[in-house]
Structures are given as C-alpha cells and as structure tokens.
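The values are calculated or read from the model by the stated rules, or taken from the named source; none is laboratory data. Note that the structure is a prediction, hence the values are computed from the model and not measured. Neighbour counts are summed over all protein chains in view; Cβ atoms, including those assigned to glycine, are modelled from backbone coordinates with ideal geometry. Note: areas computed on protein heavy atoms with side chains; ligands, DNA, RNA excluded. Shrake-Rupley method; radii C 1.70, N 1.55, O 1.52, S 1.80 Å.
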Amino acid sequence: MTDGVNWLTAEEQHAWRSFVRLHERLIGRLAHLLQTESNLASADYAVLVNLTDVPEGRQRYQDLARALEWEKSRMSHHVARMIKRGLVVREECAEDGRGAFAVITEAGREAIAAAAPLHVQAVRSLFLDHLSEAELRTLADVSVRVVEKLDDDA
C-alpha cells in the first residue's frame with residue numbers, strides 16, 4: 001500500500017508541519033478574537049466579507065458556497081442561522097425557482113463594519129508585523145501559485 005509513495009524529506013516535513021501549525025494557531029486565534037470582540041463566528045465574518053465584496057450585497061448560495069469552499073448544505077444551514085440573527089436575508093431567484101440569494105442586511109453591514117477594524121488589527125499584530133516586505137511578497141507569490149494550481153485542478 002505504501003510502495004511508490006514519495007515520502008516527505010525531513011526539510012519538507014518540517015516546512016509542511018510548520019505551515020499547518022501556523023495555519024491552525026493563527027486561524028484559531030483570529031476566530032477567538034473575532035468571537036469575543038465582535039460576537040461573530042469566523043464563518044459569519046467570511047460570509048459577510050463575501051457579501052460586501054459583491055454589488056448589492058447579494059450572492060447566490062451556490063456561488064457563495066463555491067467562494068468559501070463549503071458544501072451546499074453547510075452554506076444553507078449557516079445562512080439560516082445568520083438569518084435568525086438578522087445579519088442576512090434570503091431572496092428567491094426569479095430566474096431559477098431552485099436558486100436563492102443571500103443578501104446582507106443593514107445589521108449585517110453594521111456587524112462587519114464593527115468587526116473589520118478589530119480583525120485587521122489582529123491580522124497585523126499576529127501575523128503581518130512579523131514579516132519583512134520581502135517575506136510578504138514571497139508569501140503572496142507562493143500563495144497565489146498554489147491557489148491557482150488548486151483552481152486548475154478543481
């Protein structure tokens with residue numbers, strides 16, 4: 001079963017595990033800060049950011065799920081919880097009876113407006129402030145290249 005596996009070298013394993021540890025700790029810390037400081041889950045924040053980035057603050061469920069790399073059921077359940085909290089509303093799609101839009105509400109806009117400065121400051125203090133300009137450019141280049149490859153393979 002393991003014949004022909006191209007095992008990681010010690011250096012590759014160190015780099016990979018360091019990246020995973022960084023990702024887990026950073027995302028965990030950001031999620032905790034976001035929840036305690038703004039009462040938004042990181043998933044709420046992700047949905048609201050995507051909705052504020054599109055015209056009219058509305059996006060089809062399936063497009064929003066694709067952008068966040070979520071399953072359709074996760075998107076439906078999460079948006080339903082956000083609807084109960086008044087952060088978004090659901091609008092039926094006139095062109096497609098099966099489709100629906102998630103639309104940010106005024107309360108959702110207020111929540112993201114309050115959370116964004118806190119989030120940006122946390123991103124800076126926990127991550128960006130520890131990188132040189134050259135490291136930041138390298139990180140961006142690597143990230144773009146890997147994401148493009150993932151998108152090509154999707």
* What list of ³J(HN,Hα) couplings, whole Hz, do you get for the stretch 15-32 from phi and the Karplus terms 6.51, -1.76, 1.60, once you set θ to phi - 60° and write x for glycine and proline? -> 5, 5, 5, 5, 5, 4, 4, 4, 4, 4, 5, 5, 5, x, 5, 4, 4, 5
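Can you tell me the accessible area per residue over the chain, all protein chains present, probe 1.4 angstrom, in square angstrom?
Numbers: 11100 Å² over 154 residues.
That works out to 72 Å² for each residue.
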* Label of the coordinate-derived value, Rg/Rh (Cα atoms, Kirkwood Rh), listed as (1) 1.08; (2) 0.99; (3) 1.04 -> (3)
* **Burial ranking of peptide ranges 144-154, 13-23 (average Cβ count within 10 Å, highest at the top)** => 13-23, 144-154
* Structure fact -> Whole-percent carbon and sulfur contribution to the accessible surface of the stretch 1-63 (1.4 Å, no ligands, DNA or RNA) stands at 53 percent
